[in-house]
Every structure is written in C-alpha cells, then in structure tokens.
Amino acid sequence: MRRARPSTTVTARTCIGCRCLDERDNLLRLVASASNEIAFDLAGGSFGRGAWVHPRMACLAKSVRGLSHALRATIVTSVPEIHQSLVAAAWRRAESLSRAAQRAGHLTTGAEAGANVWKAGKVAAAIVAEDARAAAVVSWVCEAQVAGRTIVGPPKSVLGRWWGQEQVAVAAITDTGLAKAITRAIAIAQIPDPTLSSREADRGTEVG
C-alpha cells in the first residue's frame, strides 16, 4: 500500500523591501484593488495576488519600488501614502479586535475594575490611553508594565468610542490571543513615518 506524503505548508515569504525571507507572521500583506490602489490585508481575508513587507520603516520605504512588479499591476504611490494606508488599516484592526474582545467578555475598562482582574491573574495585556497620566501610575498598571503587558494606545476619547463610553483611560484584555493581536495592531499603527530623518528613524518603533 502506498503511503500518502505528509502535507506541508509553506509559511515563508520574501519582504519586498529588504528582500529577506521570513515567516508570514513577521510580515504584513499588501494587496491591490481593481483600481490599483494599495491596501494592507491585516485581517488576512483578502483574496488575490499579494506582496509582503516587514512592519518597519526601512522596509516600508523600500517597498514602493517593488510593488508594481510584485503585484503585477501599475502601482503609483509614495512612501507617505504607504505609511498612511498602514496606519489607518492598523487602527481599524485594533478597534475591530477590541470590540470583539468586549463582545466576548474579555475586556475590562477602568483602573479599579482592572485592578480586580489583575489580582485574579487574568490580565493578558493592558491598554493605557496616551493622555491618561493618572492611569499610567496606578499600581497594577505599573506592575503590568514591568511584566511587559502594557501598550500605549490612542487618546481616552478614542478608546471610549471603541467601547461605547465617553472616555476610557485604561483597559484590561483577558484573552491571550486577542491581547497579542491587539497589541501588535496598535504597535503597527504607531510605526513612525519612514520619511523621517535617519536619526529619528533610529529611535523609531519596529514590530516583530
């Protein structure tokens, strides 16, 4: 009897910026619309030909030159446009995932309620609003930061809009998978513009 060969899945892709091979989880997928406009497929739901790029400034800046060839389409864009598209897509992704966490009961908002969840050992990640100075020094938030479980998010008014409240200073995510995905989306949204000077770029954010 002939044995069937085990199926294998190729997960490595080439970054069109640095041309290095890497796992798909470490890259972002770019797709082109029917009108040859670029979009980032952060949710992984878009069909068709795509290109892959590392979520870091140097690769984003270099990616513009290879888009037309990689996507087999005439792409007219610029580094700032690529960056703006990525930032917008990442914030939409972060909001969508955060709403999903709320619907599933994996979200707790507010410093006091978050403290109870932290004491119970259930906090996978804490999102602290960028303008929430008081929340940033709350004891459990500081402990979460030391543990590497905090990320600075958008302003309090934006977090409030995500979850149907006026303002939210801090929120705790209790599902590990959602926490990881939300943290990554917010980190990607905060990647500085690749057109910054090299000195500023050296101090910028890279997302693994």
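Could you check Thr176 against (1) closer than 21 Å to Gln190 by Cβ; (2) touching a residue at least 40 places away in the same chain (Cβ under 8 Å); (3) surrounded by fewer than 19 Cβ atoms within 10 Å (Cβ to Cβ) and say which number it fails?
(1)
Condition test on Gly148, is it at pLDDT 95 or above and either touching a Gly at 6+ places or on another chain (Cβ under 9 Å) or surrounded by 14 or more Cβ atoms within 10 Å (Cβ to Cβ) (or both)? First the steps, then the outcome.
Working: at pLDDT 95 or above: yes; either touching a Gly at 6+ places or on another chain (Cβ under 9 Å) or surrounded by 14 or more Cβ atoms within 10 Å (Cβ to Cβ) (or both): no.
Answer is no for this residue.
Looking at (1) modelled with pLDDT of 95 or more; (2) in a loop (DSSP other than H, G, I, E, B), which one does Ala100 not meet, given that it meets all the others?
Looking at each condition in turn, Ala100 falls short on (2).
Test each condition in (1) polar (S, T, N, Q); (2) in contact (Cβ under 8 Å) with a residue 12 or more places away in the chain; (3) surrounded by fewer than 16 Cβ atoms within 10 Å (Cβ to Cβ) for Gln102 and report the one that comes out false.
Going through (1) polar (S, T, N, Q); (2) in contact (Cβ under 8 Å) with a residue 12 or more places away in the chain; (3) surrounded by fewer than 16 Cβ atoms within 10 Å (Cβ to Cβ) one by one, Gln102 breaks only (3).
Can you confirm whether Ser78 is crowded, with 21+ Cβ neighbours inside 10 Å and closer than 30 Å to Gly48 by Cβ? Before you say what the answer is, go through the steps one by one.
On the way: crowded, with 21+ Cβ neighbours inside 10 Å: no; closer than 30 Å to Gly48 by Cβ: yes.
No; evaluated as a whole, the condition is false for this residue.
For Ala111, indicate whether it is out of contact with any Phe, Trp or Tyr (no Cβ under 6 Å at 6 or more places or on another chain), closer than 18 Å to Gln167 by Cα and modelled with pLDDT under 95. Give the derivation first.
On the way: out of contact with any Phe, Trp or Tyr (no Cβ under 6 Å at 6 or more places or on another chain): yes; closer than 18 Å to Gln167 by Cα: yes; modelled with pLDDT under 95: no.
So Ala111 does not fit the description; no.
Here is a list: Ala134, Ala181. Which entry is in a helix (DSSP H, G or I), over 24 Å from Ser96 (Cα atoms) and of a type in the set (Gly, Ala, Ser)?
Criteria check complete, one pass: Ala134.
Scan the stretch 115-149 for residues that are touching a residue at least 40 places away in the same chain (Cβ under 8 Å) and more than 16 Å from Gln165 (Cα to Cα) and report the count.
Pass one, the stretch 115-149, residues touching a residue at least 40 places away in the same chain (Cβ under 8 Å): 117-118, 122-129.
Now drop any that are not more than 16 Å from Gln165 (Cα to Cα), which leaves 117-118, 122-126.
The qualifying residues number 7.
Name the residue, out of Ile82, Ile75, that is at negative phi and part of a helix (DSSP H, G or I). First the steps, then the outcome.
Values: Ile75 fails: part of a helix (DSSP H, G or I).
Of the residues listed, the single one that is at negative phi and part of a helix (DSSP H, G or I) is Ile82.
The values are calculated or read from the model by the stated rules, or taken from the named source; none is laboratory data. For clarity, every value in this text was computed on a predicted model and none was experimentally measured. FYI the Cβ positions are ideal-geometry reconstructions off the backbone, even for glycines, and counts take in every protein chain you see.
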